[in-house]
Amino acid sequence: MMVTGAVMDVFTPNQSNVGESCLFDEVSREIRFVLKIDGTILYKNKVADTLLSDFSNFFQSLHEGEWMRFMSFFREMQDTGNIRETTFTHATGGVAHSVFYRGIYRNECFYLTGIEQSLQTKEILENFADRLPYGWIKLNDKLKIIEKNRTFMDLVLPKVEFTELEFERLRLESGAGACMYKAVKEALQSKKVSEQREEDREAGRLFRSLAVYIPGKQEVIGLVFDESTDIKYEQLLQYKQQMESVSHLAAGVAHELRNPLSVIRGFLQLSELTNSFEKYAKTIFGEVDRMNKILENFLSISRKKFDVHALSPMEVIDTVEDIIRSECMLNNVHFEARIAETARLIQMNETMIKQVLLNLLRNSMEAYTPEQQRVFSLISRERSNDYEITVKDNGPGIPEEIMDKIGEPFNTSKEKGTGIGISLSKKIIEDHGGTFHVESEKNKGTTTIITLPFE
């Protein structure tokens, strides 16, 4: 087809290179069109003529539903004056041909070049994309959707045809649509990777989206994930672990309560036989107190919330130091204390932190052997981000088989111990955002290092 004017100047070779141009046209597989705004074909090269030999209007050759996208493609070229590119499918002679086009608007005409793609490869990729477990979408910088997969449609607008979807509508949606819209908009504005999360409370689902801007192509790639299943699985797993912990704790408490209950039963039977309750009352009440202590410790382990205040760690330790010093004097233990001064504060529950330090003191007192020279030390220091407290004794140390399970409830080597003290202390410190570490060596003693973060 011959054309005149500006269009002819673009595509007609001059006399000096006519031979080379004809040779390039002969070997090239590039498709070339010049179109009017209404789709009328003004020019097509040999390859294009082979593709659309029966059509005088470009739009008439497009696959069903493609002409609306092509009109948007035309408008973008007109509005920007820049090169645009996309893929369209022609239906000619009952056969579908997928062509990748690059185009520009000049001289009131559209100049297109294209390369036919393998439709089989395209279908394989589309089928693969539709099977992805997350939604995938590609848009231009005008928020026009170029490509998407089926998962995206299922998550965003189930049962709605792709041609009916306008991306701007998603900002009014909830859940996956709103999540994707926010990520894409932010990626376009920042020209960086954007991540968003959105909860659909009505449906009880949580979505996460990622979007990245591709500068060279002026496009945005977006992904949207439905994290509801993963979260529900994690919740079920956490619930299972909690139930196992409760079962373990309950079994331990039942075991610990069995001993004092047996003692109480035995002494009540003796009281009945001897008709003398007063003789055994002190022992019975002592066992009742022991049971109460076991239950209090159990409830402390289960407690999830407690009140905290901004306090000076130095002042809290000072109040405990006097108690520890008196206890050491009564038990013939040499006490060493080096408390570091600090002006910084820690968010803590004073009673619970004192309980930890007194638990460690009690453990040491119960571990000392009668014949040894006993030493108990309490040392603290200020570090860059936290306050470190070291509690040390020179007792017999913790047996290796107990150290392997240190911090677990009811893990003890003491004949009358509940095994809750260390577990409770560790939980209290960790609930304060700190760390609790125990080191022990046989016949040399035990060292416990605690850290509490500054506010």
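Some points to look at:
- Of the criteria (1) in the same structural domain as residue 191 (by TED's automatic domain parsing); (2) surrounded by 14 or more Cβ atoms within 10 Å (Cβ to Cβ), which one residue 127 fails: (2)
- Every listed requirement among (1) at pLDDT below 80; (2) loosely packed, with under 15 Cβ neighbours inside 10 Å; (3) closer than 30 Å to residue 214 by Cα is met by residue 67 save one, (2).
- When residues in the stretch 75-109 are screened for being more than 21 Å from residue 148 (Cβ to Cβ), in a strand (DSSP E or B) and β-branched (Val, Ile, Thr), 3 of them pass.
- Residues of the stretch 131-178 satisfying the condition of being closer than 17 Å to residue 73 by Cβ and modelled with pLDDT of 75 or more: 138, 139, 140, 141, 142, 143, 144, 145, 146, 147, 148, 167
- Considering residues of the stretch 180-239 that are loosely packed, with under 14 Cβ neighbours inside 10 Å and polar (S, T, N, Q) only, the residue farthest from residue 146 (Cα to Cα): 238
- Taken over the stretch 300-349, the criterion of being at pLDDT below 85, among the hydrophobic types (A, V, I, L, M, F, W, C) and outside any loop (DSSP other than H, G, I, E, B) is satisfied by 301, 320, 323, 324, 328, 329, 330.
- Lone qualifier among 53, 28, 72 - being of a type in the set (Gly, Ala, Ser) and within 21 Å of residue 147 (Cα to Cα): 72
- Residue match in the stretch 397-418 (condition: part of a strand (DSSP E or B) and either outside the structural domain of residue 432 (by TED's automatic domain parsing) or at pLDDT 80 or above (or both)): no
- So residue 372, is it polar (S, T, N, Q) and more than 45 Å from the chain's Cα centre (by Cα): yes
The values are calculated or read from the model by the stated rules, or taken from the named source; none is laboratory data. Remember, predicted model here, so these are calculated numbers, not experimental data. Neighbour counts run over all protein chains shown; Cβ positions are idealised from the backbone, glycine included.
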